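Below is one structure, written out as structure tokens; comments come after it.
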Amino acid sequence: MTLLEGLRSTPAPLPAPVPIWHVEVTGEEWLAAARSVVAAGGRLVALWGSAADGLSVAAAYVIHAGLIWVELPLPASAPVYPDLASIFPAAGRMQRATADLLGICASGSVDQRPWFRHGAWPADYLPLHPGAGACEAGESIDYPFVKVAGDGVHEIPVGPVHAGIIEPGHFRFSVVGEKVLRLEERLGYTHKGIERRFTQLPPLEAHRLAGRISGDSTVAYAFAYCMALESACGCAIPERAAWLRALLLELERVANHLGDLGALGNDAGLAFGLAQFSRLREEWLRRLGEDFGHRLLMDRIVPGGVAADLDGPAAARLARHCDSLEREVRALRDIYEGHAGLQDRFIAAGRVTPALAGRLGLTGLAGRASGHAIDLRCDHPWPPYDRLAPGMATHRNGDVAARVTVRFEETQESLRLIREILGSLPNSALRREPQLPRGKTRGLGWMEGWRGEVLVALELEDGAIRRCHCHDPSWQNWPVLEHAVIGNIVPDFPLINKSFNLSYSGHDL
Amino acid sequence: MLRILKRIAQTGIRTEPAPPRADLPHEESLRIHRELLAILGDALTIRQVDAGSCNGCELEIHAVNNPYYNLEGLGIRFVASPRHADMLLVTGPVSRHMAEALRRVYAATPEPKLVVAVGDCGCDGGIFGEGYASCGRVANVIPVDFEIPGCPPPPLEIMRGILTLLRSKA
């Protein structure tokens, strides 16, 4: 059986705990592969370019069998590839970013505006080319937002500096009265050159950079990076390390869901919710700080294993903390669900129907709240998830209320998983140092973070990083937010935005 | 409503009693509270600006408002506009794309215009350093009065930093 129709060469499996293949294609096969992914009900996870080994463009698709990394080599004289945005709308911004960083363009794409380049570097400077040195700032770009015309339509520009403790980005609302006709986002303000920075770091130290792509997902990124590196090195991690990594991933999920549930209550006018959940989150972070040495769990996942362990008493204490947290969250859920004023704000706000979610590729927890039952932990359970049978939280309403419900259910399930893991931690070493191979190798990490699937594609050559591409689920979900707010009132935007809680830094790189 | 009141009553005031563990940081936070009140009397307003951070520092800045640290309960408030602010808390390596916005925020802030750089990246560029898209430390873009290192600094360190700066200005 062929993995994907329309490919002449056979995809090669990469060593990894989840099913991943790599295949090199021709220009013709590039489009054929995309179409057969659609026909097979698959989806696009990421699109990026590389100048590591000549120019190439790559796409990561997920089909039933797993993930397939499709790479199309491009001639330096004409680095152009067939547009994918007409097939996968989410590809649009990724293609624009690829053009900004590498000068590799999608032919026939409708939107060719720069995305990452606001003017920090000149148009002819290509930051990810191997020879790119330092550069002076370029001319600031007067970004052409799409204009909405008509009687009584006006624009509200918001950002990049927002009115709160939030990351920077620009939102351009076109409104009539209070009603949003259109929202257009402009991101890239926190672009700080992470992918170039990767190529300046030793592979065995770059997990620290991966853990700072999006601070709220530090575990997921460090995990995905280490998975990619271990895949490239053909290194298997010790059993206890695999269990502890899953533990860290679930601890991070709980921390973020607690924070979001409080903030969502607050954005709907229930300050009580924020006080309660921020208290629970603080108690959780203190526990993590005490048990693992870092409140946000940064740098606990390292190449070849983990740099954290729990002894028996600490494990028992953490399990008891889970018990009491579960009781508290359940009580607060009852209050949230029984609070008419809160539900009035939550229900029907920022609705994304399952059909729209499918068309635009909504992913992660927001996707699950719109009927898309995708969760790597359930779809391709790797050790120890294969022993834990994680349950998936889904909902079909696709509104703020659904995204709140999914968070509540995932919190409960993560607390169950944490206790299961604590009860069956195997004994073994914590780390096996990967041996960096000579020559060229590649590896890919694919991980279900709390927000959705995180991907890291890594190319090594003689012990150095030639290219490291990191993908955040926010890439898929930011464009869907533009649709979610249509027809809602402006004052509901913060609530709707929070219900997605997307990463700026993870997207901007 | 009754259930909410019941839960509030059950929860009690978390800012006061010592927690079952780590009494030291808790007592420390109470001491910092008292000192802040003594210095400020009434109020300090802070505008937080993310100039390119990974959002880790933002998570810990949020935490200073939780019931355990309760900074806002002391009249030290985070405000929505630099025009209302006494102090800027700036995080990140400053991305080139945020440099202009940060300069404008600084220009819009009235005296005393205190600036605190929060986090290793804000202090020295951190792991991102300087590059084609990053200006590095906050002080490379606007004048900085005080630096709070850490990746990210925990809430108590953030509070301690604010206090230390105020003490030196008082």
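I need the full set of residues from region A:460-475 which are touching an Asp or Glu at 6+ places or on another chain (Cβ under 7 Å) and open to solvent by 10 Å² or more (accessible area, probe 1.4 Å), in order please.
A:Arg466, A:Arg467, A:His469
When residues of region A:178-198 are filtered for being within 14 Å of another protein chain (Cβ to nearest Cβ) and not small (Gly, Ala, Ser), how many remain?
Taking region A:178-198 and keeping what is within 14 Å of another protein chain (Cβ to nearest Cβ), we get A:186-198.
Pick out the ones that are also not small (Gly, Ala, Ser) and you get A:186-187, A:189-192, A:194-198.
Matching residues across region A:178-198 total 11.
Looking only at region A:476-504, which residues are buried (at least 20 other Cβ atoms within 10 Å of the Cβ) and either outside any helix (DSSP H, G or I) or outside the structural domain of A:Trp450 (by TED's automatic domain parsing) (or both)?
A:Val485, A:Asn488, A:Asn501, A:Leu502, A:Ser503, A:Tyr504
Which pairs have Cβ atoms under 6 Å, sit 6 or more apart or on different chains, and link a residue in region A:243-271 that is assigned by TED's automatic domain parsing to the domain that holds A:Ile489 to one that is outside any helix (DSSP H, G or I) and open to solvent by 10 Å² or more (accessible area, probe 1.4 Å)?
From residues that are assigned by TED's automatic domain parsing to the domain that holds A:Ile489, the pairs are A:Trp243/A:Leu425; A:Leu248/A:Arg300; A:Asp260/A:Asn501.
How do the pairs read when you match residues in region B:117-141 that are within 10 Å of chain A (Cβ to nearest Cβ) with residues anywhere that are part of a loop (DSSP other than H, G, I, E, B) and of a type in the set (Asp, Glu), using Cβ under 7 Å and keeping only pairs 6 or more apart or on different chains?
Taking only residues 6 or more apart or on different chains, the pairs are B:Gly136/B:Glu130.
If A:Pro15 passes every condition in (1) surrounded by fewer than 17 Cβ atoms within 10 Å (Cβ to Cβ); (2) outside any helix (DSSP H, G or I); (3) out of contact with any Ser or Thr (no Cβ under 6 Å at 6 or more places or on another chain) but one, which one does it miss?
Of (1) surrounded by fewer than 17 Cβ atoms within 10 Å (Cβ to Cβ); (2) outside any helix (DSSP H, G or I); (3) out of contact with any Ser or Thr (no Cβ under 6 Å at 6 or more places or on another chain), only one is false for A:Pro15: (3).
Of the residues in region A:423-457, how many are of a type in the set (S, T, N, Q), in contact with a helix residue (DSSP H, G or I) (Cβ under 7 Å, 6 or more places away or on another chain) and surrounded by fewer than 16 Cβ atoms within 10 Å (Cβ to Cβ)?
Residues flagged as of a type in the set (S, T, N, Q), in contact with a helix residue (DSSP H, G or I) (Cβ under 7 Å, 6 or more places away or on another chain) and surrounded by fewer than 16 Cβ atoms within 10 Å (Cβ to Cβ) within region A:423-457 amount to 3.
Tell me which residues, restricted to region A:382-411, are open to solvent by 30 Å² or more (accessible area, probe 1.4 Å) and in contact (Cβ under 8 Å) with a residue 60 or more places away in the chain.
A:Pro383
Only residues that are touching a strand residue (DSSP E or B) at 6+ places or on another chain (Cβ under 6 Å) and open to solvent by 10 Å² or more (accessible area, probe 1.4 Å): list them for region A:26-43, please. Steps first, please.
The initial filter retains those residues of region A:26-43 that are touching a strand residue (DSSP E or B) at 6+ places or on another chain (Cβ under 6 Å), namely A:30-31, A:33, A:37, A:40, A:42-43.
Once the filter is applied, which keeps residues that are touching a strand residue (DSSP E or B) at 6+ places or on another chain (Cβ under 6 Å) and open to solvent by 10 Å² or more (accessible area, probe 1.4 Å), region A:26-43 yields A:Leu31, A:Ala40, A:Gly42, A:Arg43.
Out of all the residues in region A:199-249, which are over 13 Å from A:Asp299 (Cβ atoms) and among the small types (Gly, Ala, Ser)?
A:Ser214, A:Ser217, A:Ala220, A:Ala224, A:Ala228, A:Ser231, A:Ala232, A:Gly234, A:Ala236, A:Ala241, A:Ala242, A:Ala246
Given the criterion facing chain B (nearest Cβ under 8 Å) and out of contact with any Asp or Glu (no Cβ under 6 Å at 6 or more places or on another chain), identify the matching residue among A:Arg253, A:Arg295, A:Arg245. Break it down stepwise before answering.
On the way: A:Arg253 fails: facing chain B (nearest Cβ under 8 Å); A:Arg245 fails: facing chain B (nearest Cβ under 8 Å).
Just a single option satisfies the conditions, and that option is A:Arg295.
Which condition breaks for A:Asn266 when tested against (1) more than 9 Å from chain B (Cβ to nearest Cβ); (2) more than 18 Å from A:Arg419 (Cα to Cα); (3) open to solvent by less than 10 Å² (accessible area, probe 1.4 Å)?
(3)
Give me the residue from region A:466-509 that is of a type in the set (A, V, I, L, M) and within 14 Å of chain B (Cβ to nearest Cβ) and, out of that set, farthest from A:Trp48 (Cα to Cα).
A:Leu502
Can you pull out every residue in region A:298-326 that is open to solvent by less than 40 Å² (accessible area, probe 1.4 Å) and more than 14 Å from chain B (Cβ to nearest Cβ)? Reasoning before the result, please.
Filtering region A:298-326 down to residues open to solvent by less than 40 Å² (accessible area, probe 1.4 Å) leaves A:298-299, A:301-306, A:308, A:310, A:314-315, A:318-319, A:321-322, A:325-326.
Passing the criteria: A:Ile301, A:Val302, A:Pro303, A:Gly304, A:Gly305, A:Val306, A:Ala308, A:Leu310, A:Ala315, A:Ala319, A:Cys322, A:Glu326.
For the structure I just gave you, tell me whether B:Leu74 is more than 9 Å from chain A (Cβ to nearest Cβ), touching a residue at least 40 places away in the same chain (Cβ under 8 Å), buried (at least 17 other Cβ atoms within 10 Å of the Cβ) and out of contact with any strand residue (DSSP E or B) (no Cβ under 6 Å at 6 or more places or on another chain). Reasoning before the result, please.
Working: more than 9 Å from chain A (Cβ to nearest Cβ): yes; touching a residue at least 40 places away in the same chain (Cβ under 8 Å): yes; buried (at least 17 other Cβ atoms within 10 Å of the Cβ): yes; out of contact with any strand residue (DSSP E or B) (no Cβ under 6 Å at 6 or more places or on another chain): yes.
For B:Leu74, the condition - more than 9 Å from chain A (Cβ to nearest Cβ), touching a residue at least 40 places away in the same chain (Cβ under 8 Å), buried (at least 17 other Cβ atoms within 10 Å of the Cβ) and out of contact with any strand residue (DSSP E or B) (no Cβ under 6 Å at 6 or more places or on another chain) - is met.
Return the only residue of A:Thr441, A:Thr405 being polar (S, T, N, Q) and in contact with a His (Cβ under 7 Å, 6 or more places away or on another chain).
Answer to the check: A:Thr405.
What number of residues within region A:299-345 satisfy the criterion of being touching a helix residue (DSSP H, G or I) at 6+ places or on another chain (Cβ under 6 Å), of a type in the set (Gly, Ala, Ser) and more than 21 Å from A:Phe408 (Cβ to Cβ)?
4
Given the residues A:Asp379, A:Asp375, A:Asp334, A:Asp344, which is the only one that is surrounded by fewer than 20 Cβ atoms within 10 Å (Cβ to Cβ), within 23 Å of A:Pro17 (Cα to Cα) and among the acidic types (Asp, Glu)?
A:Asp379
Restricting attention to region A:181-194, report how many residues are buried (at least 24 other Cβ atoms within 10 Å of the Cβ) and not basic (Lys, Arg).
Qualifying residue count, region A:181-194: 7.
Give me a count of the residues in region A:252-270 that are over 20 Å from A:Ile347 (Cβ atoms) and not basic (Lys, Arg).
The qualifying residues number 6.
Starting from residues that are touching a Gly at 6+ places or on another chain (Cβ under 9 Å) and facing another protein chain (nearest Cβ under 9 Å), keep the ones in region A:278-292 and report whichever is surrounded by the fewest Cβ atoms within 10 Å (Cβ to Cβ).
Once the filter is applied, the top-ranked residue is A:Arg279.
Can you say whether A:Glu178 is surrounded by fewer than 16 Cβ atoms within 10 Å (Cβ to Cβ) and farther than 23 Å from B:Thr91 by Cα, as far as the supplied structure shows? Talk me through it step by step, then tell me what you get.
On the way: surrounded by fewer than 16 Cβ atoms within 10 Å (Cβ to Cβ): yes; farther than 23 Å from B:Thr91 by Cα: yes.
For A:Glu178, the condition - surrounded by fewer than 16 Cβ atoms within 10 Å (Cβ to Cβ) and farther than 23 Å from B:Thr91 by Cα - is met.
Those residues that are more than 14 Å from every other protein chain (Cβ to nearest Cβ), in contact (Cβ under 8 Å) with a residue 40 or more places away in the chain and out of contact with any Asp or Glu (no Cβ under 9 Å at 6 or more places or on another chain), I need them from region A:141-177; list them, please.
Residue satisfying the conditions is A:Ile156 alone.
The values are calculated or read from the model by the stated rules, or taken from the named source; none is laboratory data. Owing to the predicted nature of the structure, the values given are computational and were not obtained by experimental measurement. Cβ sites come from the backbone with ideal geometry, for glycine too, and all protein chains shown count toward neighbours. Side chains are part of the model used for accessible areas, which takes the heavy atoms of the whole protein and leaves out ligands, DNA and RNA. Shrake-Rupley method; radii C 1.70, N 1.55, O 1.52, S 1.80 Å.
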